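S.K.: Take a look at this one; I'll ask things after.
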Amino acid sequence: MLEIRDLHVRFHTREREAVGGVSFRIEEGEILGLVGESGSGKSVTAMSVAGLLPRKQCDYRGEVLLDGQELLHADRSILRRIQGKEIGVVFQEPMSAMNPLMRVGRQVEEVLLIHTKLTDEERRRKAIEALAAVELPEPEAVYEKYPHELSGGMLQRAMIAAAIIARPKLLLLDEPTTALDVTIQAQILKLLKRLNAESGISMLFISHNLNVVRQLCRRVAVMQRGLLVEEGESDQIFHHPQHPYTKKLIEAIPRREGRRPE
């Protein structure tokens with residue numbers, strides 16, 4: 001479904017490559033976790049997939065294929081047809097990602113305004129359905145609210161609603177639970193599992209927290225300093241890590257009574 005082949009990205013302001021030859025696949029209906037510390041190249045990899053790479057500010061090579069369609073070097077007009085419709089993106093900070101002057105519902109339905117010819121009422125209906133699908137209470141009321149009137153967890157759900165409203169093939173989630181407390185974080189992970197099971201949508205879930213990724217993803221890829229250093233099944237990576245950096249990530253997971261969570 002998604003295939004990245006030998007992706008290299010180097011920003012003109014940096015000597016070292018942000019991404020140094022990364023290759024991996026995401027199969028249809030799969031959730032792949034991409035983990036690593038800040039600056040490891042996770043978000044740049046996701047930007048390359050989403051068509052959000054600032055091309056004038058970097059050198060890049062390799063291939064990014066979505067169902068065989070090459071995206072990394074594609075014309076901007078092609079990317080605009082794909083963004084939102086076939087690839088949805090959920091960012092880390094919904095309050096900064098959302099326009100504070102627009103009602104939430106209008107932002108959720110914006111993809112439909114760009115990619116469909118639905119009427120205002122049809123877009124509103126689909127936006128309310130999407131808000132309900134992410135388990136927001138009273139979705140009609142949420143539709144009319146401004147971002148500052150919602151909690152962080154509710155905003156993140158609204159961002160997910162906006163990302164899935166056009167039923168994309170792939171959902172890119174860049175640290176979507178980092179700013180949330182553990183209770184809301186668990187609820188968002190449960191929601192993503194349900195959306196994946198019900199719709200079959202493929203996901204790339206980016207995080208620095210290997211324990212969070214393990215709860216959601218069957219397979220994990222580990223990045224360090226722009227390189228993919230390890231990839232495998234979640235349980236195998238968690239219980240039998242091969243690379244020293246992966247071992248350090250696991251050691252950094254908070255333990256309960258001195259033991260790593262089972």
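The values are calculated or read from the model by the stated rules, or taken from the named source; none is laboratory data. Worth saying up front: this structure is predicted, and the values here are computed from it rather than measured. Counting neighbours? That spans all protein chains shown, and the Cβs are built from the backbone with ideal geometry, glycine included. To get the accessible areas, we keep the full protein, side chains included, count just its heavy atoms, and leave off ligands, DNA and RNA. Shrake-Rupley method; radii C 1.70, N 1.55, O 1.52, S 1.80 Å.
S.K.: Go through the stretch 182-196 residue by residue and turn each phi into a ³J(HN,Hα) via Karplus (6.51, -1.76, 1.60, θ = phi - 60°); whole Hz please, and just put x for glycine and proline.
M.R.: The phi angles translate into 4, 5, 5, 4, 4, 5, 5, 4, 4, 4, 5, 4, 5, 4, 5 Hz.
S.K.: Take the chain, mark every one of the trypsin sites (Lys or Arg not before Pro) that falls in a DSSP loop and has at most 11 other Cβ within 10 Å, then report the longest stretch left between them, sites excluded.
M.R.: Details: sites that count: ARG14, ARG16, LYS117, ARG255.
Here the longest segment lacking exposed loop sites spans 118-254.
S.K.: Between rounded, prolate and oblate, where does the stretch 159-201 land on the alpha carbon gyration tensor, with a ≥ b ≥ c its root eigenvalues, rounded for a/c under 1.5, else prolate if a/b exceeds b/c?
M.R.: Prolate shape, in that a/c is at least 1.5 and a/b is the bigger ratio.
S.K.: Expressed as a whole percentage, what fraction of the accessible surface of the chain belongs to carbon and sulfur atoms when a 1.4 Å probe is rolled over the protein heavy atoms? Write down the numbers at each step before the final one.
M.R.: On the way: 6370 of 13130 Å².
Heavy-atom surface of the chain belonging to carbon and sulfur, 1.4 Å probe: 48 percent.
S.K.: Please label the shape of the stretch 1-102 as rounded, prolate or oblate, based on the square roots a ≥ b ≥ c of the eigenvalues of the alpha-carbon gyration tensor (a/c under 1.5 means rounded; beyond that, a/b larger than b/c means prolate, else oblate). Kindly include the intermediate steps, with their values, before the conclusion.
M.R.: Working: a/c = 1.29, a/b = 1.09, b/c = 1.18.
Here the stretch 1-102 falls in the rounded category.
S.K.: Residue by residue through the stretch 38-48, what is 3J(HN,Hα) from phi via Karplus (6.51 cos²θ - 1.76 cosθ + 1.60, θ = phi - 60°)? Round to whole Hz and write x for glycine and proline.
M.R.: 4, x, 7, x, 4, 5, 5, 4, 5, 4, 5
S.K.: Next question, about the same structure. Mind listing the long-range amide H neighbours of VAL19? Cut-off is under 5 Å, sequence gap 5 or more, other chains count too, H placed in the peptide plane at 1.01 Å from N.
M.R.: Answer set, sorted by chain and number: VAL9.
S.K.: Sticking with this one: How many angstrom separate the Cα center of the stretch 183-197 from the Cα center of the stretch 134-154?
M.R.: Answer, in whole Å: 17.
S.K.: With the chain treated as a Gaussian network of Cα nodes joined by springs under 10 Å, which of THR119, THR246, THR45 yields the largest mean-square fluctuation?
M.R.: Checking each option, the largest mean-square fluctuation is seen for THR119.
S.K.: For the chain, report the accessible area per residue in Å² (1.4 Å probe, heavy atoms, rounded to an integer). It would help to have the intermediate numbers written out before the result.
M.R.: On the way: 13130 Å² over 262 residues.
Here the residues of the chain average 50 Å² of exposed surface.
S.K.: Using the Karplus curve 6.51 cos²θ - 1.76 cosθ + 1.60 with θ = phi - 60°, work out ³J(HN,Hα) for each residue of the stretch 62-68 in order, rounded to whole Hz, and write x for Gly and Pro.
M.R.: x, 9, 10, 10, 10, 6, x
S.K.: Excluding same-chain residues fewer than 8 positions from LYS248, which lysines have a Cα within less than 25 Å of its Cα?
M.R.: Of all the lysines, those that pass the test against LYS248 - Cα under 25 Å, at least 8 places apart if same chain - are LYS42.
S.K.: Given the DSSP H assignment, sum -39500 (n - 2.57) over each helix run of at least 4 residues in the chain and divide by its residue total; what's the result at 222 nm in deg cm²/dmol, nearest 500?
M.R.: Working: 12 runs with 103 residues, N = 262.
Mean residue ellipticity, 222 nm, calculated: -11000 deg cm²/dmol.
S.K.: Of (1) 17.3, 60; (2) 17.7, 55; (3) 18.4, 58, which one was derived for Rg and Dmax of the Cα atoms in Å from the structure shown?
M.R.: The calculated read-out lines up with (3).
S.K.: Moving on. Give the long-range amide H neighbours of TYR146: residues separated by 5 or more places, or on another chain, with amide H under 5 Å away, using H modelled in the peptide plane at 1.01 Å from N.
M.R.: VAL104
S.K.: Count the DSSP beta bridges whose two residues both fall in the chain, then state the antiparallel fraction as a percent rounded to the nearest 5.
M.R.: Working: 23 of 42 bridges.
Bridges in the chain that DSSP calls antiparallel: roughly 55 percent.
S.K.: Could you work out which residue, out of LEU52, LEU171, LEU72, moves most in a Gaussian network model of the chain, that is, has the largest mean-square fluctuation with Cα springs under 10 Å?
M.R.: Of LEU52, LEU171, LEU72, the Gaussian network model singles out LEU52 as fluctuating most.
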